[in-house]
Amino acid sequence: MTAVSERTVTAVARKRRISVGFTASAITLAIFVVAALAPNILSTQDPLAMDFTQALQSPSLAHWFGTDESGRDLFSRVVYGTRESLAIGVGAAGLAILVALVLGSIAALAGRIPAGIVNRLIEVLFAFPTLLLALLLVSVLGASPITLVISVGLGSAPGYARMVRGQILSSKNSGYVEAARALGHSRFTIFRQHILPNALRPLIAIFTMGVGQSIVWASGMAFIGLGVAPPSSEWGALLDAGRAYITQASWLVVLPGFVIVVLALAATTLGKHIQSSLEKGETA
């Protein structure tokens with residue numbers, strides 16, 4: 001086999017792996033979307049129905065994820081908790097992108113003094129631990145889904161703001177922007193038609209990956225008592241409720257945690273595929 005044919009076979013195998021990964025991620029995320037929009041389709045039992053005679057039953061054909069301390073079906077509770085968990089993830093990722101766009105645009109396009117102030121602010125926020133920010137917000141606003149969205153969104157925004165700033169600076173000095181200036185286009189028109197679209201393009205992939213990461217962050221904070229409190233079926237609340245029984249009913253923590261990991265991996269894989277496709281489009 002020649003070197004050319006070997007490279008061709010390798011490229012085909014790589015494309016096939018990428019295609020399989022993309023398809024699996026898309027199907028997985030579609031299932032989560034169905035669970036969020038119509039949980040009754042996937043749930044096997046009433047998530048609120050208590051049966052203390054069935055408390056802390058291990059996973060079985062009757063209860064796929066086992067039961068909790070009140071005899072409620074854990075699988076159905078996970079399914080019904082998808083809506084709130086996804087809402088927190090999407091809300092936090094959306095807030096992070098919005099804040100990043102504002103800060104990144106000012107840092108790249110404003111005058112020397114405003115840009116310097118915003119750059120210092122980004123550095124301070126970047127160094128500020130997300131957990132400490134969550135503690136501060138919880139003490140002020142109380143533990144709630146809104147608090148999780150704000151704390152996780154603000155905690156993620158500085159890293160995205162750096163990306164936006166770099167993308168805008170790159171577009172600002174590009175040839176097509178110079179040509180637009182030469183044609184007499186206004187600064188606002190140049191920003192709206194040329195700079196902003198190029199800054200938004202990579203954020204599509206970042207947003208997709210950010211949803212899964214935000215859910216992981218929110219669930220982790222709920223696990224230590226900084227998120228939605230039980231008896232909510234939000235995934236972090238399920239982890240929080242199950243930690244008291246982790247030695248005798250480990251499935252109460254392991255299985256919801258596994259679902260969170262699956263969603264995060266699917267969102268990250270899909271986001272990386274989108275990012276790769278966008279990069280290929282730019283080089284084409």
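No lab work stands behind these numbers, since they all come straight from the coordinates. Keep in mind that what you see is a predicted model, and the values were worked out from it rather than measured. Here the Cβ is made from the backbone with ideal geometry for all residues, glycine too, and neighbour counts use every protein chain on show.
Starting from the Cα-Cα distance between E178 and A115, subtract it from 0.36 nm times their residue separation and give me the gain in nm to one decimal. Could the numbers behind the result be given before it?
On the way: separation 63, 0.36 × 63 = 22.68 nm, distance 2.15 nm.
The span from E178 to A115 would gain 20.5 nm if fully extended.
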Let me know the charge dipole size of the chain about its Cα centre in debye, to the nearest 20, where only the beta-carbon of Lys, Arg (+1) and Asp, Glu (-1) is charged. 1400 debye
Determine which residues of the range 67-87 fall in the zone a paramagnetic label at L42 would reach in this model, i.e. backbone nitrogen under 12 Å from the point 7 Å along Cα→Cβ. 75-86
At a Förster radius of 45 Å, what calculated FRET efficiency corresponds to the Cβ-Cβ distance of L98 and A55, to the nearest 0.05? 0.55
Cβ crowding within 10 Å averaged over residues, with 209-220, 123-134 ranked highest first: 209-220, 123-134
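Working out 0.36 nm times the residue gap between V124 and I224, then minus their Cα-Cα distance, what length gain in nm do you get to one decimal?
Values: separation 100, 0.36 × 100 = 36.00 nm, distance 2.50 nm.
Computed gain between V124 and I224 is 33.5 nm.
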Relative to the chain, whose Cα atoms define the longest principal axis, helix 3-37 and its Cα axis are tilted in degrees, nearest 10, by 60 degrees
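For D51, what charge total do you get from the other residues with a beta carbon under 13 Å from its beta carbon, if Lys and Arg give +1 and Asp and Glu give -1? List each step's numbers first, then the result.
Details: positive: R72; negative: D46, D68, E69, D73.
For residues surrounding D51, the net value is -3.
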Efficiency of FRET between W64 and A26 - r from beta-carbon atoms, R0 22 angstrom, step 0.05: 0.40
Order of D46, D240 - criterion: other Cβ atoms within 10 Å of each residue's Cβ, fewest first: D46, D240
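Using a 10 Å cut-off around each Cβ, can you sort E84, E178, E234, E69 from fewest to most neighbouring Cβ atoms? Before the final figure, lay out each step's value.
Details: E84 20, E178 12, E234 29, E69 16.
Going from sparsest to densest Cβ surroundings: E178, E69, E84, E234.
Report the net charge of residues surrounding L203, where surrounding means a beta-carbon distance below 13 angstrom and charges are Lys +1, Arg +1, Asp -1, Glu -1.
Net charge in that neighbourhood comes out at +3.
What is the fewest-to-most order of W235, W64 by other Cβ atoms lying within 10 Å of their Cβ?
Working: W235 30, W64 15.
Ordered from fewest to most neighbouring Cβ atoms within 10 Å, W235, W64 come out as W64, W235.
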Could you tell me which residue out of I41, I274, A55 lies farthest along the dipole of the chain toward its positive end? Charges go on the beta carbon: Lys and Arg +1, Asp and Glu -1, centred on the Cα centre. I274
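Within a Cβ distance under 14 Å of L121, other residues only, what is the Lys/Arg minus Asp/Glu net charge? All intermediate terms of the calculation are to be shown ahead of the outcome.
On the way: positive: R120, R162, R165; negative: E123.
Local net charge: +2.
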